[in-house]
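Some notes on the structure that comes next.
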Amino acid sequence: MKNATKFAHIGRPKIGVGTSVNPPIVRASTLLFDKADDLYNGGHRIYGRHGSPVHDALSEAFCALENGAGATLTPSGLSANTLSILANIKAGDHILVTDSSYGPIRNFCNTQLTKFGVEIEYYPPGIGAGISALIRDNTSCILLESPGSLSMEIQDLPAIVKRAKQHKITTIVDNTWSAGLVYAPLDMGADVVVHAATKFFSGHSDVLFGAVVSRTKSMANKVAKTAAAFGNSTSPDDAYQILRGFRTVVTRFEQQEKSAISLAEWLQSHAKVSKIVHPAFASHPNHDLWQRDFTGSSCLFSIVLKPCAESEVLALLDRLEIFAKGFSFGGFESLVIHCDPQLNRDHDPKFGGPLVRIACGLEDIDDMKNDWRQALTDLILLKSGA
Ligand SMILES: Cc1ncc(COP(=O)(O)O)c(C=O)c1O
């Protein structure tokens, strides 16, 4: 069954008489039992933090999305990342984190994990099989994000997974960019996939949510137990919204992917744009990996402007009317950010000009192009870049 069909139906109640289309929202912290034996020995869910019917339906949807054995729902994409790391490390470990990883994950590693004597090493995202040289006896996890959500490097996941498996190291992949629709890390042997469901699954930029999906039952249990120990829980209202997002995610994703390709093609030939950083374009340095491992692209890509002053980049962003300035993607509305202030890297990706990230929403593509046309017109380049 194709994804669009699967997600229109998954997790819905069995149809009887007047059945609601989706599972109902059940709000409860306390769950009541009329028999003590059921409370203590029934093997039932016994407290609100342990979930509800809509949480079960949503977990089922995330497992189906990623071909996983179990899913744990989290209050945000960041907490999905931190949970998956915490479930797989102990004091004194060494972990390898892609240098292109989402900034707040880097912050978590540098400010929190270090308190417990965990050593963090950032590796260049193009490392591939070269990861072997960085593996130590105490390396427990490799954290990947492919593509990097600002600089768009695609990683050689099979090569990294192969080396990780030789050393019994857990591989964790942030798969938010692809919404799990065009990239399948668990099928390529990764152990854990993480989603910021805040993006495509919310789809409306008004819910924060995350999911950790595991390839094996034992990993799923480990993540679930860690989540329970930390008191991780999510509201049934938010879970409902994310399940609702599943119903339409394929159509929205494909429309946004198409707009991003069309806008990138248009920007590619603009005199003030130096290059497009989009993995589906032949000019992307990891285009071959994208062709091998992905079945499509996403709403999110970056461009490099011809050299210009920082103030000119900010003025360009201000002139855009449809593309609002905001730190996200995957919602119905188009967004833009200047990446340079956030490119906090150990290994400088060197773009040779200001890097600007573009997230296409669901607006009309002609209006998107017109917005960029008018905003780029007044961009003043440095003399050397003109
Ligand atoms: C790739 C990636 N992972 C994780 C997150 C964090 O998600 P959340 O905002 O839901 O915490 C983001 C947010 O921008 C992201 O882009």
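Scanning the stretch 252-263 for any residue that is surrounded by 22 or more Cβ atoms within 10 Å (Cβ to Cβ) and over 30 Å from Leu73 (Cβ atoms) turns up at least one such residue.
Sort through Leu208, Leu181, Leu186, Leu243 and tell me the only one that's within 16 Å of the ligand (Cβ to nearest atom) and buried (at least 19 other Cβ atoms within 10 Å of the Cβ). Full working, then the answer.
Details: Leu208 fails: buried (at least 19 other Cβ atoms within 10 Å of the Cβ); Leu186 fails: within 16 Å of the ligand (Cβ to nearest atom); Leu243 fails: within 16 Å of the ligand (Cβ to nearest atom).
None of the others qualify; the one that does is Leu181.
May I ask you to list the residues in the stretch 362-386 that are among the β-branched types (Val, Ile, Thr) and either within 13 Å of Phe323 (Cβ to Cβ) or at pLDDT below 95 (or both)? Quick ask: steps written out before the conclusion?
First, the residues of the stretch 362-386 that are among the β-branched types (Val, Ile, Thr): 365, 377, 380.
Scanning the stretch 362-386 gives a single hit, Ile365.
State which residue is nearest to Pro236 (Cα to Cα) when the search covers only the stretch 82-105 and only residues that are open to solvent by 10 Å² or more (accessible area, probe 1.4 Å) and within 11 Å of the ligand (Cβ to nearest atom). Ranking the candidates gives Thr82 first.
Does at least one position in the stretch 190-202 carry a residue that is surrounded by fewer than 22 Cβ atoms within 10 Å (Cβ to Cβ), touching a residue at least 24 places away in the same chain (Cβ under 8 Å) and among the hydrophobic types (A, V, I, L, M, F, W, C)? So far as the stretch 190-202 goes, no, none of its residues is surrounded by fewer than 22 Cβ atoms within 10 Å (Cβ to Cβ), touching a residue at least 24 places away in the same chain (Cβ under 8 Å) and among the hydrophobic types (A, V, I, L, M, F, W, C). The set of residues from the stretch 40-63 being under 20 Å from Phe7 (Cβ atoms), out of contact with any strand residue (DSSP E or B) (no Cβ under 7 Å at 6 or more places or on another chain) and open to solvent by 20 Å² or more (accessible area, probe 1.4 Å) comprises Pro53, Asp56, Glu60. For the stretch 64-81, taking the residues that are within 16 Å of the ligand (Cβ to nearest atom) and of a type in the set (Gly, Ala, Ser), the one that is surrounded by the fewest Cβ atoms within 10 Å (Cβ to Cβ) is identified as Ser76.
Considering only residues that are in contact with a helix residue (DSSP H, G or I) (Cβ under 9 Å, 6 or more places away or on another chain) and either open to solvent by 10 Å² or more (accessible area, probe 1.4 Å) or hydrophobic (A, V, I, L, M, F, W, C) (or both), which ones fall in the stretch 108-125? If you could, list the steps in order and put the result at the bottom.
Within the stretch 108-125, the first condition is being in contact with a helix residue (DSSP H, G or I) (Cβ under 9 Å, 6 or more places away or on another chain), and the residues that meet it are 108-109, 112-113, 118-124.
Across the stretch 108-125, the qualifying residues are Phe108, Cys109, Gln112, Leu113, Val118, Glu119, Ile120, Glu121, Tyr122, Pro124.
Tally the residues that are in a loop (DSSP other than H, G, I, E, B) and over 17 Å from Thr72 (Cα atoms), restricting the search to the stretch 28-59.
Residues of the stretch 28-59 that are in a loop (DSSP other than H, G, I, E, B), as a first pass: 28-29, 31-35, 42-46, 51-52.
Going one step further and asking which of them are over 17 Å from Thr72 (Cα atoms), we end up with 28-29, 31-35, 42-44, 46.
Matching residues across the stretch 28-59 total 11.
Selection of the stretch 123-146 for residues being over 16 Å from Ile89 (Cα atoms) and within 16 Å of the ligand (Cβ to nearest atom) yields Pro125, Glu145, Ser146.
The values are calculated or read from the model by the stated rules, or taken from the named source; none is laboratory data. The shown structure was predicted, so the numbers you read here are calculated from the model rather than taken from an experiment. All Cβ positions, even for glycine, are placed from backbone atoms using ideal geometry, and neighbour counts span all protein chains on display. In case anyone asks, the SASA skips ligands and DNA or RNA and just uses the protein heavy atoms, side chains included. Shrake-Rupley method; radii C 1.70, N 1.55, O 1.52, S 1.80 Å.
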